[in-house]
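Below you'll find the structure, written out as structure tokens, and then a few comments.
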Amino acid sequence: MVVIGGIIGSGIFINPYLVAQTVASPVAVLSAWALGGAVALVGALAYGELGQRMPKAGGQYAYLREAWHPVVGFLYGWALLLMIETGAMAAVAIAFAEYTLRLAGHAGANPRALAVTTLAVLSIVNYVGVRPGSRLLNVFVLLKVAALAVLIGIAFWGPPAPEWLSASRQPMRVTTVTAFGAALIPILFTYGGWQCANYLAEEMRAPERDLPRSLLAGTLVVVAVYLLVNVAYLRSLGHAGLASTTTPAATAAARWLGPAAEKFVACAIAISTFGFLDLSILAPTRVYYAMAADGAFIPALARIHPRFHTPGAAIILQSAWAILLTLTGKYNDLLGTVVFGDWIFFGLSVASLFVFRRRQGPTTGFEMPGYPWLPALFVIVAMAVVASAIHEAPWRSAAGFGLLIAGVPVYYYFTTRGTRSRA
């Protein structure tokens with residue numbers, strides 16, 4: 001549930017039109033989504049071995065800290081707090097609010113107040129205990145998958161769009177490598193999230209066994225769902241129709257449900273994004289907790305609430321920053337910043353597998369298949385994604401890089417202060 005809930009948010013309902021606008025044919029659309037799914041699956045396999053080797057709270061933070069240097073782990077947590085996780089939370093909260101207002105008959109109203117309220121309410125739910133947040137997550141994961149299944153079923157029930165029938169007879173249009181790389185940015189944002197399970201590894205009963213299984217099974221389910229949804233969009237709308245609408249899910253459903261389509265899709269997106277936001281508050285705060293426990297960040301973040309047994313201060317800090325981004329950022333700007341930061345550390349985390357294999361040798365538990373070729377390919381793809389993000393938005397990427405580097409003096413401030421206090 002954590003893996004599926006961490007991946008499926010608002011992206012699959014919105015981002016397919018961005019991909020269709022960027023690439024030249026239905027084949028290219030589906031190829032791009034299939035490639036994104038393959039990359040996500042390779043990443044999940046690598047994280048399965050990393051989690052099995054080091055089932056620590058904070059997931060990626062622990063791998064980067066141990067493989068490279070503690071400052072690299074800190075910079076991941078710093079970026080997670082300031083732009084990766086909170087940026088995704090802000091973008092998804094805005095999407096949730098927009099579609100909830102549309103469902104309530106207030107389309108066009110400013111979504112920010114509702115987005116902020118939603119973040120605040122979910123923060124309170126997760127503050128008072130892990131169990132309420134996890135139960136809420138399970139319910140909304142099942143609901144969002146059911147909504148996507150209905151959308152797929154609707155699209156395959158009726159006759160396809162004329163463009164879909166004639167696609168095989170049309171001349172093949174070529175998609176450039178640059179365009180294909182640009183299309184991967186919204187796709188990989190939509191596939192991101194499998195790593196959420198690794199944040200919680202230390203709280204699992206048997207992480208060495210269950211974490212790799214969860215990562216593999218959850219990611220495979222999402223890849224299958226995403227490919228079927230894109231086939232459904234193309235079958236209902238054709239390539240040109242998909243590229244021309246900013247609300248592909250609603251437009252596709254409208255062909256069969258008529259006026260009821262908009263309310264159905266608005267409800268589906270509201271459900272999906274609400275569940276994603278719940279997980280975003282539940283899982284990543286374990287990273288800030290681990291950083292503080294290592295003496296590398298604000299000490300209060302390492303304190304567990306005496307009654308609720310949750311990292312309460314970490315939840316408050318992350319949600320407060322996400323609310324600030326919600327009030328100041330736009331969906332597309334937030335999406336680009338998230339991808340730029342996230343894939344720097346995805347590449348470094350999977351590359352850490354080479355370091356652990358050299359230091360520790362083989363393991364008796366789960367080992368990633370296809371080593372060393374698959375992790376090396378993933379690292380190359382991660383570098384290409386970061387390069388594409390820089391090419392698409394150089395100034396925004398430069399601002400993100402500057403924010404990242406600003407974490408270096410913060411790290412040394414907290415670590416040297418801790419050393420002085422112990423002395």
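The values are calculated or read from the model by the stated rules, or taken from the named source; none is laboratory data. The structure presented is a predicted model; accordingly, all values stated were derived computationally and were not measured. Every residue, glycine as well, gets a Cβ built from its backbone with ideal geometry; the counts of neighbours run over all protein chains shown.
Give me a count of the residues in the stretch 41-59 that are assigned to a helix (DSSP H, G or I) and either touching a Phe, Trp or Tyr at 6+ places or on another chain (Cβ under 8 Å) or crowded, with 24+ Cβ neighbours inside 10 Å (or both). Break it down into steps so the answer makes sense when it comes.
Taking the stretch 41-59 and keeping what is assigned to a helix (DSSP H, G or I), we get 41-53.
Add one more test, that the residue is either touching a Phe, Trp or Tyr at 6+ places or on another chain (Cβ under 8 Å) or crowded, with 24+ Cβ neighbours inside 10 Å (or both), and what stays is 42-53.
So the count comes out to 12.
If a residue has to be farther than 28 Å from I84 by Cα and in contact (Cβ under 8 Å) with a residue 40 or more places away in the chain to count, how many in the stretch 343-366 make the cut?
Qualifying residue count, the stretch 343-366: 4.
Looking only at the stretch 348-395, which residues are of a type in the set (S, T, Y) and over 23 Å from V71 (Cα atoms)?
Scanning the stretch 348-395 gives T363, T364, Y371, S388.
From L101, L64, L75, which residue is surrounded by fewer than 21 Cβ atoms within 10 Å (Cβ to Cβ) and in contact with a Leu (Cβ under 7 Å, 6 or more places away or on another chain)?
One residue alone meets the criteria, L101.
Counting only residues that are within 30 Å of H305 (Cα to Cα) and aromatic (F, W, Y), which one in the stretch 87-146 is modelled with the lowest pLDDT?
Only one residue fits best here, namely F140.
With the stretch 82-160 as the region, which helices (runs of 4 or more DSSP H) entirely inside it contain at least 2 residues that are among the aliphatic types (A, V, I, L, M), out of contact with any helix residue (DSSP H, G or I) (no Cβ under 6 Å at 6 or more places or on another chain) and touching a residue at least 60 places away in the same chain (Cβ under 8 Å)?
Answer list for the stretch 82-160: 130-157.
Return only the number of the condition from (1) surrounded by fewer than 20 Cβ atoms within 10 Å (Cβ to Cβ); (2) of a type outside the set (D, E); (3) farther than 30 Å from Y413 by Cβ that H69 does not satisfy.
Of (1) surrounded by fewer than 20 Cβ atoms within 10 Å (Cβ to Cβ); (2) of a type outside the set (D, E); (3) farther than 30 Å from Y413 by Cβ, only one is false for H69: (3).
Yes or no, residue by residue, for (1) closer than 27 Å to A79 by Cα; (2) more than 18 Å from the chain's Cα centre (by Cα); (3) at pLDDT 80 or above:
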| residue | (1), (2), (3) |
| --- | --- |
| L325 | yes, no, yes |
| Y331 | yes, no, no |
| L334 | yes, no, no |
| V339 | yes, no, no |
| L353 | yes, yes, yes |
| G361 | no, yes, yes |
| P369 | no, yes, yes |
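Can you tell me which residue in the stretch 1-40 is surrounded by the most Cβ atoms within 10 Å (Cβ to Cβ), limited to those that are assigned to a loop (DSSP other than H, G, I, E, B) and among the hydrophobic types (A, V, I, L, M, F, W, C)?
Filtering the stretch 1-40 for residues that are assigned to a loop (DSSP other than H, G, I, E, B) and among the hydrophobic types (A, V, I, L, M, F, W, C), the one surrounded by the most Cβ atoms within 10 Å (Cβ to Cβ) comes out as I8.
Looking at this structure, is T326 under 26 Å from N15 (Cα atoms), among the hydroxyl-bearing types (S, T, Y) and crowded, with 23+ Cβ neighbours inside 10 Å?
When the stated conditions are applied, T326 passes them.
Give the residue that is surrounded by the fewest Cβ atoms within 10 Å (Cβ to Cβ), with candidates limited to residues of the stretch 287-314 that are more than 19 Å from A201 (Cβ to Cβ) and under 26 Å from the mean Cα position of the chain (by Cα).
Of the stretch 287-314, the ones more than 19 Å from A201 (Cβ to Cβ) are 295-300, 303, 305-308, 312-313.
Of the ones still in play, those that are also under 26 Å from the mean Cα position of the chain (by Cα) are 296-298, 312-313.
Working: A296: 23, F297: 27, I298: 14, G312: 21, A313: 21.
The extreme case among them is I298.
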